[in-house]
């Protein structure tokens with residue numbers, strides 16, 4: 001991976017900006033969470049409403065981001081999204097500093113940041129193949145996943161540390177705003193001004209940008225994806241796995257550790273070990289894996305489900321539990337690296353953004369629904385059993401996806 005970064009200088013610059021942006025995102029998420037708890041006075045219903053509205057843009061605008069990234073220069077879209085997020089972050093900083101922010105304002109800001117993320121992410125993923133050589137694409141995706149995990153790990157820790165030194169959490173967001181500015185400058189440097197016919201040039205017909213045209217593009221691409229077996233399996237079956245896995249990671253595993261009598265610090269360490277395992281797995285996958293086919297992706301999903309099913313057995317001690325979480329995170333990173341590489345290889349420059357947008361829309365919808373699934377499962381089975389059941393389901397989905405991808409038309 002490091003050899004690839006030395007050779008692919010433009011991608012390295014882009015990734016540096018992305019790393020800073022991800023750390024800033026982690027700081028923003030930390031501040032947002034404690035602000036929601038403060039403004040709602042830790043009311044579960046009100047907090048849930050804020051996060052519900054924050055999710056809405058994924059459903060309404062998720063299809064548009066990919067269509068835009070395939071019609072407009074991705075460089076321009078990413079710079080616009082970063083500068084817009086910088087502006088919104090500074091507004092939030094000002095509102096927090098004057099203590100004039102309510103539940104409604106939090107929901108609007110959360111929705112705006114999510115909407116801009118639906119624009120940035122497909123453009124970013126779609127730009128990677130144009131910045132690196134084909135043989136370096138898996139390592140580039142591994143590096144991107146490593147950066148995402150590092151940002152999620154370092155950002156909240158930095159935010160928590162700074163909160164001790166700063167009385168108002170709004171001031172901490174200045175760091176987040178600065179990271180968006182640096183990211184925009186890195187994008188401007190890494191991706192040259194698009195030329196006609198270049199890899200970042202608008203697709204034919206890009207001049208007619210309307211909501212109807214963008215949704216029509218998304219629908220047309222969805223129909224085409226349904227007709228391509230490997231692409232459908234990669235996107236659809238992975239989104240289905242995320243529906244179940246999200247429930248385990250966000251709700252059931254912390255609940256199980258609490259029920260087993262572990263102190264809150266162990267739960268925090270377990271979440272950190274999941275992230276560290278993901279970093280290690282992303283580094284290994286980018287360097288070791290050679291097969292990025294749909295069948296290989298489904299194999300990794302089966303391995304992930306198997307490890308998840310065994311995780312309750314690790315709860316015999318804190319050390320074994322943390323080791324199990326580290327291993328689970330490492331296996332999950334193989335999925336996270338193989339999946340985007342597979343989508344990129346099954347896509348063209350004309351539809352790579354729409355394919356990532358399709359996956360993002362389905363995956364985020366599944367993750368949002370996972371909380372309800374976890375609640376329903378906890379009614380009929382103990383939490384530890386529920387985690388094992390989810391693991392078995394993921395193994396079954398991976399097996400069915402692998403079997404379907406192996407079928408060839410005669």
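The values are calculated or read from the model by the stated rules, or taken from the named source; none is laboratory data. Not measured: the values here are computed from a predicted model. As a convention, Cβ positions derive from the backbone with ideal geometry for all residues, glycine included, and neighbour counts pool all protein chains shown.
One table, with the values for the structure above:
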read-out: Cβ-Cβ under 6 Å pairs, at least 6 apart or on other chains, region 166-178 side more than 14 Å from residue 24 (Cα to Cα), far side at pLDDT 75 or above; value: 166/172; 168/97
read-out: Residue 94, sole failed condition from (1) crowded, with 18+ Cβ neighbours inside 10 Å; (2) in contact (Cβ under 8 Å) with a residue 60 or more places away in the chain; value: (1)
read-out: Meets criteria (in the same structural domain as residue 234 (by TED's automatic domain parsing) and surrounded by fewer than 24 Cβ atoms within 10 Å (Cβ to Cβ)) for residue 361; value: no
read-out: Residue in region 260-270 that is modelled with pLDDT of 85 or more, part of a helix (DSSP H, G or I) and either under 24 Å from residue 138 (Cα atoms) or outside the structural domain of residue 127 (by TED's automatic domain parsing) (or both) present; value: no
read-out: Failed condition for residue 80, given (1) surrounded by fewer than 22 Cβ atoms within 10 Å (Cβ to Cβ); (2) in contact with a helix residue (DSSP H, G or I) (Cβ under 7 Å, 6 or more places away or on another chain); value: (2)
read-out: Residue in region 141-159 that is in a loop (DSSP other than H, G, I, E, B), within 30 Å of residue 2 (Cβ to Cβ), under 23 Å from the mean Cα position of the chain (by Cα) and at pLDDT 75 or above present; value: no
read-out: Pairs where the first residue, in region 10-38, is without any contact (Cβ under 8 Å) to a residue 24 or more places away in the chain and the second is outside any helix (DSSP H, G or I), C-beta under 6 Å, 6+ apart; value: none
read-out: Residue within region 102-111 that is surrounded by 19 or more Cβ atoms within 10 Å (Cβ to Cβ), touching a residue at least 24 places away in the same chain (Cβ under 8 Å) and under 27 Å from residue 289 (Cβ atoms) present; value: no
